[in-house]
Structure formats: structure tokens, C-alpha cells
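The values are calculated or read from the model by the stated rules, or taken from the named source; none is laboratory data. Note that the structure is a prediction, hence the values are computed from the model and not measured. Here Cβ is always computed from backbone atoms with ideal geometry, including for glycine, and neighbour counts include all displayed protein chains.
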Amino acid sequence: MRDFTWHVFTQTGDIEAYLLYKEMIQPGTAGLAPDQPVPEGEGEEDGAGALS
């Protein structure tokens with residue numbers, strides 16, 4: 001999927017494709033959209049739970 005978004009960006013110059021590519025290559029991202037909740041037990045560093 002990363003290769004596809006990069007290919008779309010190089011062929012079209014679409015900034016949205018580039019931003020999606022950059023989001024996908026960030027280490028530690030689970031591929032969740034910003035509005036999706038983190039599954040229980042994932043992403044908790046101090047045990048405080050997800051923010052509401």
C-alpha cells in the first residue's frame with residue numbers, strides 16, 4: 001500500500017497521497033484513522049487508558 005500511495009504521488013503530485021504515504025511510514029502507527037479508538041491494551045504507556 002505504501003508503494004501505491006508513493007506511485008500515485010509521483011504520477012499526479014497529489015498532496016493527499018503524499019500525506020497518506022508519510023502517515024503510513026511513521027514508526028509505531030497501527031494504520032488506524034485518527035477517529036478510530038485504539039484497541040484495549042494497545043498504545044497505553046502508563047496504564048492510564050485511552051483519552052475520552
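Mind checking which residues of the range 17-38 are among the small types (Gly, Ala, Ser) and either surrounded by 12 or more Cβ atoms within 10 Å (Cβ to Cβ) or modelled with pLDDT of 60 or more (or both)? Within the range 17-38, Ala17, Gly28 qualify.
Any residue in the range 11-40 that's over 12 Å from Met1 (Cα atoms): show its pairings with residues that are surrounded by 10 or more Cβ atoms within 10 Å (Cβ to Cβ) and modelled with pLDDT under 70 at Cβ separation under 6 Å, as long as the two are six or more apart or on different chains. Listed pairs, sorted by first residue: Val38/Ala50.
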